Structure formats: structure tokens, C-alpha cells
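In what follows, a structure is listed as C-alpha cells, so that the remarks can point back to it.
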Amino acid sequence: MKLQQEFDILVIGSGAAGLTLALKLAPFARIAVLSKGQLTSGSTWLAQGGVAAVMDSLDVAQNHAADTLNAGSNLSHSDAVNFTVEQGRASIDWLIEQGVPFSKENGQLHLTKEGGHSHRRIIHAADSTGKAILNTLIDKVRNEPSITLFEHCMAIDLITTQKMGLAGDKCVGAYVLDINTGSINVFKAQQTILATGGASKTYLYTSNSDGASGDGIAMAWRSGCRVANLEFNQFHPTCLYHPQAKSFLISEAVRGEGGKLLLPDGSAFMHKFDQRAELAPRDIVARAIDHEMKRLGADCLYLDISHRDDDFIKSHFPTIHQRCKELGIDICKQPIPIVPAAHYTCGGVISDINGNTDINGLYAIGETAFTGLHGANRLASNSLLECIVFASACAKDICAKLEDNCEFPEIANWDESQVTDSDEDVIIAHNWDELRRFMWDYVGIVRTNKRLQRAKHRSDLLQGEIAEYYSNYKISRDLLELRNLALVSELIIRSAMLRKESRGLHFTLDYPELNLQAKDTILTPINYSWPAIR
Ligand code: FAD
Ligand code: SIN
């Protein structure tokens, strides 16, 4: 790979958000798409339930908006909510035009149901919707001559004129680690887009893949962007509990199609917590499960769909049925052991309706962005929709800004003359584990002031160690992810400390009440000392 490359557009991330944007811009620009793993390495690939959109004649966008606001505990921004739900049908139509094979029944799209939705409005491809979407988008981008795909290439940090000591504040690209060769290259671009997904890997137990380390949020913060509402980490109520089933999700659609949550003695309990029982929004269900597990000292609870007939289960949930069967659980006959796990980052890099961030030339879309859509708790299946809607809006905004003969500033190559190979990689593995454990124990489903203070103390110590390590040794993917995870954890803890109420996903025993006024938590990187570009 060349040490310096120039493109019109640099898309960092190859999930639903990044690939949608790349496809929409393909006729107008030369585009680089980076993925730090394979193209399939993000959360999109794992998505099960589906995409929420109003497609039924008995449903209207106002219902979808009301459900989103309600799930978000009245913190969602109504402009972002209305904008998103109104684009629901167009987004599904676009995905169908690309060739996504959504499930049908009697020639019509099959609509399933999930928690917090007042209507059936989840469009899906059985229980592997993300795979169906991403496979289709990957086929398309591979056939676009204007798109160049860079797998196993990880953005380290954004390059901005301010960091370079030049006038203005514009993002002009990024330093990128080629993970296979270890070389570090400069990618220059007129417009750079963070589509790097969420940060749920900050927690010990998560439904996400290993790469969900909040890189986009960390890079944006280090470049001077504000972030918002990072205290709202969504815990999915039902991840499979099994020693060999790392991170496997049991879709909310299982509850949508009648699955019951059970205690170890086989009794139902959700009706005691919310009249919508199993179909209450996720924050309520996850908290109820956590409460019952702690009360009973149970390692897990159960989700039972075995009362539905076998053909229904196997055709609607083939992936879940197969995975459980491989682990010796026949979901047609027995309840599934489940636990909650970190699933979705509701907060992120502050961006407007077109994905613009605080820095010129830098956009954020998808899970890494904070658009105001999700409020204090994301409504199920609104995330894939958000990826398509905001990527489309962002593409339009970028088109209006593209320049024919853009001149880039001189950018220095990455300098490794002051660093050596590490002889103590164990520090990285140790700190990964320590960080994710204290985040789980102290900044999890139920918080207190004391727990947050403990977490902050540990986070400060870890960040000191990581900064020292970073400035002395050659970088690796693990080190970069640890550095990002540690920073995002700090931002989560600080945000949680600032919220003196319990709202949506943020529940604290010290402030169990809801404040009258709903307010975002915004953090600004004031007095941030720009990390010297190596
Ligand atoms: P992702 O799909 O996570 O992609 C991130 C990309 O960024 C990856 O390509 C990664 O390699 C790349 N990347 C990250 N950091 C860097 C870096 N430093 N340099 C280069 N590349 C980088 N939502 C729904 O709406 N419906 C569902 O049914 C649903 N089910 C889900 C099931 C599971 C198990 C999970 C984990 C999530 C689910 N979600 C669902 C949430 C939804 O899938 C995600 O929020 C959404 O797919 C995020 O898409 P994205 O494009 O923003 O990021
Ligand atoms: C699921 O299938 O339960 C995941 C849906 C989502 O996260 O929106």
C-alpha cells in the first residue's frame, strides 16, 4: 500500500451505515471504505430482528414516532424522530431495490413485532436480517469501480488542520494502520465519515463483536468534537447463557412472536414489572431480569417459545434454532437460558440531521453518531433504519460540497522513530479485562454514585498507564482498541455522573426519580491538549 493516498471520500466503517453511504456517493466521487476487520466484522452482520418501518396500511408514521419517543423516555429529539420514521418506507424500498431478500408471507412483506412497538412493523429476513442486508450491500460495493475497499485497515486518528497547526478546523483524512503489514499510511480526503459502530465492548458481557470499541467516538473526541448521552448503554435482555456461546443474541422477535420470560421455577414474572410484560421496552425488561437474577441469586433466567409449533419456530428463527441445537438446546421443546448483555450505544458523536459533526469535513453516521433519535433508550430495530436514513441524508449533503480539484495540505508521514517493540503485551490483555469488568460491575444496569466514583478512579489509573504505553511502544490493533475503549469508558462514566435522575437506560439507586425536565448530557473536549501526531 502507498504511504499516502488521496480520495474524495474516506468512509471509516463497512456496516449498514458506511456501505449505504458509499453506494449513494459512488456515481459522484472516488471513495475509500475502511474496515478494521473483514467487511462483515461489525454489528450489522449480527443483526437479527429486523428494520422498523411503517409498511402496514393500518399503521402510520405518527405511531412509530410516538413509540420511539416513549421508549426513549421523552429524551428523543422530535425532529430526528420524525425525519427518521418518515423515511421508513423509502429506506425499505431502497434496500429491496438493492436486492435484500426480506421474508414474505402470502406475497407481502412479513411484519414481526418487538418490544415497545404498538404495531407489527419489523421488516426482516427470518432471524438474520443483518446478514441479508450486508451481503447484498457488499455485492454492490464490490462492483462499483469508484469504491476501493480496504479490509483489515484501522483508522488510528483523524488528521485535522487544527492538529497540524494550520488555520481553520477541517478534517483532511486519517492515519490508518494496515493490520496485515503493520505499515501506517495517510489517507487524505475532502470529506471523512465515521461509520465505526458502537462501544458495547466496554462491557464484559456483550452481544457485539470484538471490534465494538468505540473508535469513532474516541477519534472524534480527540479531534475536538462534542459527544452526547453516552450514559445510555442499552443492555439487550436476552443473550444466550452458555459457556460456549460467546455473545449470541436471542432476538426480541422471539418475544414478539409469543416467547415468555420465566424464572428458574418456570413461573412468569414480567407482568409484575410492566403491563406490556415481555413486550415492554428493553430498559424495563433488562432491569426486571437483572432484579430477579440478583433476588434469586440465579445465574440466568429463561425464555420459552416451545408452545409455538415446530415449523413456525424453525421457519421464523432458523439461526437461533440451529445455534441452540448445536449447543444441545432444543428451543422447540425447552426454554432457552438467557442473561442481559451490553448491546447498543445510544449516545455518540453529536451530529445533525445530515451527519455533520462539530468539525468541517467530518461526518458521523450509524451507531457511532448521536442524532437525538434514541433518547434514553433505543426502540428495537430503529438502528438499522437510522443507518440507512442518515447515510442517505449525509450522501446528499456531501454531494453539495464536493470540489473538482481539491488541494490537500502536506501531511507528514507517521513517525515511529521514538518507539520500540513492546516486550510486555500482557499489559494490554490485562487492562482490556480489567476495564470491561469494572464497567460491568460499576457502570452496568444499576448504578450508584459510589460505583461510578470507583469506576472513575480505575479509569483514570488505566488511562495513565495506557498513555505511557502508547507513547513508548509500536501500535497494534489491540493497543488502539484498548486506548479507545478506555477513553470512551471515561466519557460514559462522566456522563453517568452528570445525570442526577433515573431515566431510560440510566438507573441509579441514588436518584431513582425522573427529573421534570428532560435534558441531554453533552460533554465538550475543552482544553483538550491535541495529541501530537507521531
Ligand atoms: P457496524 O455495523 O457495527 O460497523 C462498524 C464498522 O466499522 C465495521 O466495518 C468495523 O470494522 C469498522 N470500524 C470500527 N472501527 C474502525 C476503525 N478504527 N478503523 C476502520 N474501521 C473501523 N439493530 C436493528 O435495527 N435491528 C436489529 O435486528 C438489530 N439486531 C442486532 C443484533 C445484534 C447481535 C447486535 C450486536 C446489534 C443489533 N442491532 C440491531 C443494532 C445494529 O445492528 C447496529 O446498531 C448497526 O448495525 C450499526 O451499524 P453501523 O454501520 O453503524 O456499524
Ligand atoms: C433483536 O433482534 O432483538 C435485536 C433488535 C435490535 O437490537 O434492534
Quick one: GLU97 ticks every box in (1) within 23 Å of the chain's Cα centre (by Cα); (2) away from ligand 2 (no atom under 14 Å from the Cβ) bar one, so which box is it?
(1)
Could you list, in sequence order, all residues of region 294-322 that are among the basic types (Lys, Arg) and loosely packed, with under 13 Cβ neighbours inside 10 Å?
LYS294, ARG295
Counting only residues that are near ligand 1 (Cβ under 10 Å from one of its atoms) and under 21 Å from ASP56 (Cβ atoms), region 126-166 contains a total of 3
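Every residue, every condition in (1) within 16 Å of ligand 2 (Cβ to nearest atom); (2) polar (S, T, N, Q); (3) surrounded by 23 or more Cβ atoms within 10 Å (Cβ to Cβ), yes or no:
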residue	(1), (2), (3)
LEU21	no, no, yes
SER35	no, yes, yes
LEU75	no, no, no
SER103	yes, yes, no
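Scan LEU240, LEU230 and give me the residue that is more than 16 Å from ligand 2 (Cβ to nearest atom), crowded, with 19+ Cβ neighbours inside 10 Å and in contact (Cβ under 8 Å) with a residue 60 or more places away in the chain.
LEU230
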Of the listed residues (ASN431, ASN405, ASN413), the one being more than 30 Å from PHE507 (Cα to Cα) and in contact (Cβ under 8 Å) with a residue 24 or more places away in the chain is ASN413
So, first residue without any contact (Cβ under 8 Å) to a residue 60 or more places away in the chain and among the aliphatic types (A, V, I, L, M) in region 139-150, second residue loosely packed, with under 15 Cβ neighbours inside 10 Å and in a helix (DSSP H, G or I), Cβ within less than 6 Å, six or more apart or across chains; the pairs are none
Qualifying positions in region 12-70 - within 16 Å of ligand 1 (Cβ to nearest atom), of a type in the set (D, E, K, R) and over 18 Å from THR345 (Cβ atoms)
LYS24, ASP67
Answer yes or no: is there a residue in region 347-369 that is within 16 Å of ligand 2 (Cβ to nearest atom), closer than 23 Å to ASP67 by Cβ, more than 14 Å from the chain's Cα centre (by Cα) and in a loop (DSSP other than H, G, I, E, B).
no
Counting just the residues of region 256-290 that are of a type in the set (D, E, K, R) and in contact with a Leu (Cβ under 6 Å, 6 or more places away or on another chain), which one comes out surrounded by the most Cβ atoms within 10 Å (Cβ to Cβ)?
ASP283
Answer yes if at least one residue in region 223-234 is closer than 25 Å to LEU75 by Cα and among the basic types (Lys, Arg), and no otherwise.
yes
List, please: which pairs have Cβ atoms under 7 Å, are six or more places apart or on different chains, and start with a residue in region 100-124 that is more than 20 Å from VAL60 (Cβ to Cβ) and more than 13 Å from ligand 1 (Cβ to nearest atom) and end with one that is modelled with pLDDT under 95 and outside any loop (DSSP other than H, G, I, E, B)?
none
Checking ALA52, ALA71, ALA16, ALA80 in turn, the sole residue that is surrounded by fewer than 24 Cβ atoms within 10 Å (Cβ to Cβ) and at pLDDT 95 or above turns out to be ALA80
LEU384 - would you say it is under 23 Å from LEU25 (Cβ atoms), within 25 Å of the chain's Cα centre (by Cα), within 16 Å of ligand 1 (Cβ to nearest atom) and assigned to a helix (DSSP H, G or I)?
yes
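The values are calculated or read from the model by the stated rules, or taken from the named source; none is laboratory data. As the structure is a computational prediction, the values presented were derived from the model and not from experiment. All Cβ positions, even for glycine, are placed from backbone atoms using ideal geometry, and neighbour counts span all protein chains on display.
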